[in-house]
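Each remark here refers to the structure printed beneath this line.
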Amino acid sequence: MRQDCTAELAALTKLAREFSELYAERFGIARDPAWYLGKMSEELGEVTVAYLKSVGQGRGTASQRDLEGEVADLLGFVLVFADWQGIDAAAALRRKWGAYL
């Protein structure tokens, strides 16, 4: 099971990296340190907005699918950031959270 999860996360990291490269190319974005940190912050804000809308605490409405999409964006950019920093996200999570199990 552990190797399956690691392989899946590696595949998702590859997908996120490829998407990020395409996104940057398409919109002429220089992916500098500020961009990596800014995108994670932006996506966290969008998760927050979608969640609050979905529970009736924000302006407008958001569906579960809207919230899922924003969580996917946040996860993708976290994986892109980790990859950029040379961090094995699966190993880091296992080391940090697994220590408590």
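The values are calculated or read from the model by the stated rules, or taken from the named source; none is laboratory data. A quick note: this is a predicted structure, and the numbers were derived from the prediction, not measured. Please note: Cβ atoms are built from the backbone with ideal geometry, for glycine as well, and neighbour counts cover all protein chains shown. Calculation scope for accessible area: heavy atoms of the full protein, side chains included, ligands and nucleic acids excluded. Shrake-Rupley method; radii C 1.70, N 1.55, O 1.52, S 1.80 Å.
Summarise the accessible area of the chain (1.4 Å probe, protein heavy atoms) by the percent that is carbon and sulfur.
Heavy-atom surface of the chain belonging to carbon and sulfur, 1.4 Å probe: 58 percent.
Please list Trp35, Trp97 in order of solvent-accessible area, largest first, computed with a 1.4 Å probe with all protein chains present.
So, going from the largest accessible area down, we get Trp97, Trp35.
Among Leu93, Ser41, Leu9, whose Cα lies farthest out toward the positive end of the dipole of the chain, if unit charges sit on the beta carbon of Lys, Arg (+1) and Asp, Glu (-1)?
Leu93
What is the P(r) of the chain, as percent of Cα-Cα pairs per 10 Å bin from 0?
15, 37, 33, 15, 1
Once R0 is set to 35 Å, what does the formula 1/(1 + (r/R0)^6) return for the Cβ-Cβ distance between Glu25 and Arg95, expressed as a FRET efficiency to the nearest 0.05?
According to the calculation, E is roughly 0.55.
Rounded to the nearest 20 debye, what is the charge dipole size of the chain about its Cα centre when +1 sits on each Lys and Arg Cβ and -1 on each Asp and Glu Cβ?
280
Compute the accessible area per residue over the chain, keeping the other protein chains in place, probe 1.4 Å, unit Å².
Result: 73 Å² of accessible area for each residue.
Which of Phe77, Phe27, Phe19 moves most in a GNM of the chain, Cα contacts under 10 Å?
Phe27
Quick check on the chain: helices-only [θ] at 222 nm, where DSSP H runs of length 4 and up contribute -39,500 (n - 2.57) each and the sum goes over total residues. Nearest 500, please.
Result for the chain, helices only: -27000 deg cm²/dmol.
So if each residue of separation counts as 0.36 nm, and I subtract the Cα-Cα distance between Ala34 and Ser63, what length gain in nm does that give?
Full extension of this stretch gives 7.4 nm more.
Please list Lys39, Lys14, Lys53 in order of solvent-accessible area, largest first, computed with a 1.4 Å probe with all protein chains present.
Lys14, Lys53, Lys39
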